[in-house]
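For reference, the structure discussed in these notes is given below.
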Amino acid sequence: GEKVALTGYMIAVTWNDDRVKNFMLVRDLMACCFGGSPEPDEWVDVTMEGKGSPYIQFVPVVTRGTFQIQGLSDAAGYATGAFRMEGVDTREE
């Protein structure tokens with residue numbers, strides 16, 4: 001429930017035109033999509049308020065919002081994540 005600012009790389013999950021409503025915030029692109037799936041504690045599920053965030057690819061971003069420790073699981077019940085954020089602002093670092 002704390003307000004925080006986190007730095008990482010944006011991997012868009014849902015977007016409309018140039019606005020991203022939901023994305024994964026990961027610490028390292030090479031350790032994520034190109035090298036394997038991140039462990040449950042290595043990424044944050046970010047849902048942006050309002051119209052969402054600009055789509056910022058391949059460079060670090062700073063995301064501000066309310067951070068929560070909350071388990072995420074897939075359809076089979078396996079743990080996929082541990083952190084969520086209700087984002088209010090994302091910008092290039």
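Points worth noting:
- Here GLY36 fulfils each of the conditions (1) under 22 Å from TYR78 (Cα atoms); (2) within 14 Å of the chain's Cα centre (by Cα) apart from (2).
- Considering region 22-93, there are no qualifying strands (runs of 3 or more DSSP E) wholly inside with 3 or more residues that are open to solvent by 40 Å² or more (accessible area, probe 1.4 Å) and among the small types (Gly, Ala, Ser).
The values are calculated or read from the model by the stated rules, or taken from the named source; none is laboratory data. This is a predicted model, so every value here is computed, not measured. Accessible surface is based on the protein model in full, side chains and every heavy atom, while ligands, DNA and RNA are left aside. Shrake-Rupley method; radii C 1.70, N 1.55, O 1.52, S 1.80 Å.
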